[in-house]
Structure formats: structure tokens, C-alpha cells
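This report refers to the structure that appears directly beneath it.
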Amino acid sequence: MSEKPLDVLEASLGTEVIVALKDGTERVGELSGYDQHMNLVLADDQDTTIIRGDNVVSIRP
Amino acid sequence: MSEKPLDVLEASLGTEVIVALKDGTERVGELSGYDQHMNLVLADDQDTTIIRGDNVVSIRP
Amino acid sequence: MSEKPLDVLEASLGTEVIVALKDGTERVGELSGYDQHMNLVLADDQDTTIIRGDNVVSIRP
Amino acid sequence: MSEKPLDVLEASLGTEVIVALKDGTERVGELSGYDQHMNLVLADDQDTTIIRGDNVVSIRP
Amino acid sequence: MSEKPLDVLEASLGTEVIVALKDGTERVGELSGYDQHMNLVLADDQDTTIIRGDNVVSIRP
Amino acid sequence: MSEKPLDVLEASLGTEVIVALKDGTERVGELSGYDQHMNLVLADDQDTTIIRGDNVVSIRP
Amino acid sequence: MSEKPLDVLEASLGTEVIVALKDGTERVGELSGYDQHMNLVLADDQDTTIIRGDNVVSIRP
């Protein structure tokens, strides 16, 4: 019963995720989109942020 | 209701975006173009700047 | 009697693995998924973490 | 009315551009050529320089 | 009488190899698997370790 | 009247070039070959050197 | 009369080469194999070493 990484992202759409980046920072927001490179769209009440996937270390739904 | 990262860029054309780069700097300008590598074209009243996508950490429309 | 790296990952699904990352940290959890880039899904009792494969140094099942 | 990054480069042929590189330096010259990797050819009165695209941060026409 | 790098790996299956990594460390073990990216499977009496190929500097059979 | 970067390399075959590398050093020699990755072959009276293209910052014919 | 980089490697098979790596070290040995990524096989009287091509700065036959 394996979960592919992108399937876990798909299942996390609309929920809050914590994204750890290679620069040591974290970004928190609702995952509103992603693509196969792990480019991400995070949203909160006020802002939308696109994160380029090659900066991502980990994503915790 | 997912938003692909490139669709968010498409929807941001003509609006101001804040681009964070891997060197720790930020660039602000109107997004006047992009491509699938996240190469970007930013414009302000006086200048146009092409940013090579592999430098991008995040884009905030 | 060779074992391909991805076959070893496949055989490790559902078992605990120790993942060493390029930032010098380790992540421990049950391997609940992976893909051909070595993107990984680790789970423990409470959390699921997606690790982007390009951060991985080694995986010890 | 979007401008693709490579279209902006195409429109900049024959004009002076300022190229910021990842090593923190800048190169100035007339853009006399480019390709899809953003490899660039810069010229001034005396010299021609080929810049490998993966060093480029930004190009300001 | 050329030896392709991957052919040397193939011929080294089941023998001890010393793997130098980009972080300056070495890993020693029996090579029990590899793939075309030089992802490796090393084994000793107790453990199996998958090494992601992009960390590898050299392999000495 | 655009000059593609690889066309400039082609036109520079047999002439002296100065190659700046990412490690901050320069290599000088007659360009006796190249390929589409900007892997280069430099020659002087005594030696031939192959430079892997991903190390190259710039080439001045 | 151009020499492609890989053709120079082919012509160097069986001869001693000096390989400069990105970590600042050099490896010397008889070139007994290579592939299109510039993965190399170096041999001396006692040892064989596979070098992953992305570590290579230059090769001097």
C-alpha cells in the first residue's frame, strides 16, 4: 500500500503544509497547487506564494 | 480546485510581483512574461529585467 | 544477484528507514512511498513527510 | 500581452545589456547572440565574450 | 580494450568497494546493486545502504 | 544578424581563447574542439586539456 | 580540423591522464574507460577507480 510522493501532495491540496527550504527557512500555508517538479503554490488569508521546487527539502502535510 | 504554479504565474501577468532569489535579494516589478522554466520578465517604469529561473526561490503575486 | 537501488526501496516499503540528507540531518520514519527521483514519503505515528529526492545522501532500511 | 523571456532577448539583439552573474560580477556589452539555455554572446569594440547560461542571474536590456 | 564505468560497476557486484562522497566521507561495503545514475546499494553483515548517485565522487572496487 | 554562442565557438577553432572557470581560475589555449555542452579542448605547444563544460563561466575568443 | 572532447578521451585510452576534480584534488592514472557523461575509469598497477563525471573540472592526457 504505497503512497507516491506526488499522490500525497495531491491529497494535501486545501490543507495546511509546512515546507522546509534549502536556505533553512520554513514556509507555512494552505497548499493550493503543485506540479511534477514540486513547484508549489501556498496560500494564506492574504497572500499567495509560488515556491520553485528545487528549493524544497521537505513538505509536511 | 487546484492552481498549478504556472497558472498562477499566468494569472499574475501585468501585476506587481516580489521575487525572492537564492542570493538572498528580492526583485520587485510587474510580471510581463515567464516561461516553463520560471524564467521571468519583470518591468517597471524604466527597466526590463530577465531573471533566469534557476535563481528563483519564490514569487509572491 | 544484483539489487537495483529502487528495488531495495520497494522492498523497504512499510519498514523503518534512516534517511541522511545533504544538510547533515537525518530523518527516521516508516517508508510509505517513493518515486524514481528518490522523492520519499516517511510516516510516523503522527506525521507524514515528503522529502525531495535531490536532498538525499543515503537511505538505510 | 505577455513577453516570453527569450523573446525579450531576441528583441535586445544589437543593444547594450547588463548581465549579473552568480559570482556577483556584472558584464556589460552589446548582446550579439544567445540560445535557449541563455548562453549569451556579448560584444564591445574590442572583444567578444561567450557566457555560459547557467551562470546568469539576470539580464537587463 | 576500453572499460565503460558502468561495466566496471557491473563487474564489481559482490565485491567490496570504497565510495568517496562529496561531503568528504567514505562508505565501505559490498556492492550489491547500482543503476545508470550511479545510485548504489552497499551491504555489510548487518546493514544495507542506498546511496544517491549525485553524492558520489569516486568508487574504488 | 545574431551570432549563436556555439557558432562563435565554431568560428574560434584554431585561435587562442581565455576560459574563465567557476573556481576563479582562467585557462588559456588554442581552442581545438568543443561540443554542445561547452565541453572544450584547449591545446598549447605541449599539452591538451579537456574542460568539462559545467565549469565554464565565460570564453573570450 | 576540430577535436570533439569525447574523441580526445577516446584517443587517450590506455595512456596516463591527470584529472582535476571540483574538490581541488587531482587523480592520476591510465584512462581505461569513460562514457558520454565523462564518468571515467582510471587504473594504476594496483587499483581501479571510477570517477563520476560531474566532479571533473579538467582532464589532461
* To do: Would you tally the residues in the stretch B:2-15 being over 19 Å from residue A:36 (Cβ atoms) and open to solvent by 10 Å² or more (accessible area, probe 1.4 Å)?
  => 4
* Given (1) within 11 Å of the chain's Cα centre (by Cα); (2) loosely packed, with under 14 Cβ neighbours inside 10 Å, where does residue F:18 come up short, assuming only one miss? -> (2)
* Would you point out which residue out of F:24, F:53 is at positive phi, surrounded by fewer than 19 Cβ atoms within 10 Å (Cβ to Cβ) and not acidic (Asp, Glu)? => F:24
* Scanning the stretch F:27-47 for residues that are touching a Pro at 6+ places or on another chain (Cβ under 9 Å) and open to solvent by 40 Å² or more (accessible area, probe 1.4 Å), which turns out nearest to residue D:37 (Cα to Cα)? -> F:37
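The values are calculated or read from the model by the stated rules, or taken from the named source; none is laboratory data. Worth saying up front: this structure is predicted, and the values here are computed from it rather than measured. Methodologically, a virtual Cβ is constructed for each residue, glycine included, from the backbone with ideal geometry; neighbour enumeration extends over all protein chains shown. Note: areas computed on protein heavy atoms with side chains; ligands, DNA, RNA excluded. Shrake-Rupley method; radii C 1.70, N 1.55, O 1.52, S 1.80 Å.
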